[in-house]
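> Before anything else, here's the structure in question.
The values are calculated or read from the model by the stated rules, or taken from the named source; none is laboratory data. Everything numeric in this text was worked out from a predicted model, so none of it was measured. Glycine gets a Cβ as well: all are built from the backbone with ideal geometry, and neighbour counts include every protein chain shown. Side chains are part of the model used for accessible areas, which takes the heavy atoms of the whole protein and leaves out ligands, DNA and RNA. Shrake-Rupley method; radii C 1.70, N 1.55, O 1.52, S 1.80 Å.
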Amino acid sequence: MQHIAQDSWNDRKSRIRLPDGRMSAFIDNGGAGPTLLLLHGYSDSSRSFSLIEPYLEDYRLIMPDLAGHGHSDARTELAVRDFADDVEALIAELGTEPLAVVGHSLGAMTAIELASRRPRSLKALVTVSGTLRPGFPADGDISRRILALSDPIEPSNPFFAFWHASPQQVDRNFLTYLGREAATIPASVWHEVLSGFHDLDLGEAAAEIAVPVLCLAGDKDELFDAGHRRRLSAALPAARSIVMHGFGHNPHWEDPLRVASNIIGFLRDVAQ
């Protein structure tokens, strides 16, 4: 695995003021190739893509911190549509149109919503551990664990061992920084994002997507299992689906080279 300087990741961030006055943080790797927009998952930040970045060096990567995550200001409502609104505003402020959007988990949901809004400008969509309906029941184990979080949240909270668990080995230094950042997110933000999942259904948004789609997932994903994958495939029947055997919810952490290779191969096929 290539060495990633986790200690200086946040130093690379730029900030831009959105139309409503909030600040949005992002990393632009300054690559000379086509632009990819990388959207991270629930409680993560742009750091989520730090392990895969070296393998996508032929692209310009725009990696925002979603609202309330990392160094981006929160907003009152934190539903998928709200994250998509912010990403659209960031794209407009940057004045660049991405070739493709790559989203992980919450980022994949946001990417689906975004792709449905931009049928003419986007050329491809990649979902990593995506779903149309996260369906975390209010009385379910995941919801109970998240709703039990209260300020101040400590990085040593056992919740993070559960939340960041992966069947394959993940760089420990990376996970340490990721856990520290997740612990800085106020409990109110954790709870507000969760509340936006309860009735979410992206079926109509998926039906509007006309660009090529790659769906990547691990067969050991304990958050979005085979049922989620089947519903996503049914809604996107032309999508290319790759299930990574033995991998969990975060395959881009577990084997960033393999995930990057799949993304690059897909984008090359789209370009032909």
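> Evaluate the range 229-241: report whether one residue or more is of a type outside the set (Phe, Trp, Tyr), surrounded by fewer than 23 Cβ atoms within 10 Å (Cβ to Cβ), in contact with a strand residue (DSSP E or B) (Cβ under 8 Å, 6 or more places away or on another chain) and within 21 Å of TRP163 (Cβ to Cβ).
Scanning the range 229-241 turns up at least one residue that is of a type outside the set (Phe, Trp, Tyr), surrounded by fewer than 23 Cβ atoms within 10 Å (Cβ to Cβ), in contact with a strand residue (DSSP E or B) (Cβ under 8 Å, 6 or more places away or on another chain) and within 21 Å of TRP163 (Cβ to Cβ).
> If you go through the range 113-132, how many residues are within 14 Å of the chain's Cα centre (by Cα) and under 18 Å from VAL259 (Cβ atoms)?
7
> Give the number of residues within the range 30-56 that are surrounded by 20 or more Cβ atoms within 10 Å (Cβ to Cβ) and either of a type in the set (Ser, Thr, Tyr) or part of a loop (DSSP other than H, G, I, E, B) (or both).
So in the range 30-56, the residues surrounded by 20 or more Cβ atoms within 10 Å (Cβ to Cβ) come out as 36-53, 56.
With either of a type in the set (Ser, Thr, Tyr) or part of a loop (DSSP other than H, G, I, E, B) (or both) added as a condition, the list becomes 40-46, 48, 50-52.
The qualifying residues number 11.
> Within the range 215-228, can one find any residue that is of a type in the set (A, V, I, L, M), within 24 Å of ILE4 (Cβ to Cβ) and in contact (Cβ under 8 Å) with a residue 24 or more places away in the chain? Walk me through it before giving the result.
Just the residues of the range 215-228 that are of a type in the set (A, V, I, L, M), to begin with: 216-217, 223, 226.
Still in the running and within 24 Å of ILE4 (Cβ to Cβ): 216-217.
Still in the running and in contact (Cβ under 8 Å) with a residue 24 or more places away in the chain: 216-217.
The answer is yes, given that some residue of the range 215-228 is of a type in the set (A, V, I, L, M), within 24 Å of ILE4 (Cβ to Cβ) and in contact (Cβ under 8 Å) with a residue 24 or more places away in the chain.
> Here is a follow-up. Determine whether LEU194 is over 19 Å from ARG145 (Cβ atoms), buried (at least 19 other Cβ atoms within 10 Å of the Cβ) and not aromatic (Phe, Trp, Tyr).
no
> For ILE16, all conditions in the list (1) modelled with pLDDT under 95; (2) hydrophobic (A, V, I, L, M, F, W, C); (3) surrounded by fewer than 18 Cβ atoms within 10 Å (Cβ to Cβ) hold save one; what is the number of the exception?
So the condition that ILE16 fails would be (1).
> When both residues are 6+ apart or on different chains and their Cβ atoms are under 8 Å apart, which pairs have a first residue that lies in the range 102-125 and is open to solvent by 10 Å² or more (accessible area, probe 1.4 Å), and a second that is assigned to a helix (DSSP H, G or I) and of a type in the set (Val, Ile, Thr)?
GLU113/VAL80; LYS123/VAL270
> Take PHE174 and decide whether it is over 23 Å from ASN262 (Cβ atoms), within 20 Å of the chain's Cα centre (by Cα) and modelled with pLDDT of 95 or more.
So PHE174 does not fit the description; no.
> While we're here: List pairs: first in the range 233-262 and over 21 Å from GLN168 (Cα atoms), second open to solvent by less than 10 Å² (accessible area, probe 1.4 Å) and basic (Lys, Arg), Cβ under 9 Å, 6+ apart or cross-chain?
Between residues of the range 233-262 that are over 21 Å from GLN168 (Cα atoms) and residues that are open to solvent by less than 10 Å² (accessible area, probe 1.4 Å) and basic (Lys, Arg), there is no close pair.
> I'm told GLY130 meets every condition in (1) closer than 25 Å to ASP255 by Cβ; (2) without any contact (Cβ under 8 Å) to a residue 40 or more places away in the chain; (3) not in a helix (DSSP H, G or I) except one. Can you identify the failing condition by its number?
Result: GLY130 fails condition (2) only.
> Here is a further query. Which of the residues that make up the range 153-187 are assigned to a loop (DSSP other than H, G, I, E, B), surrounded by 17 or more Cβ atoms within 10 Å (Cβ to Cβ) and hydrophobic (A, V, I, L, M, F, W, C)?
Those that are assigned to a loop (DSSP other than H, G, I, E, B), surrounded by 17 or more Cβ atoms within 10 Å (Cβ to Cβ) and hydrophobic (A, V, I, L, M, F, W, C): ILE153, VAL170, ILE185.
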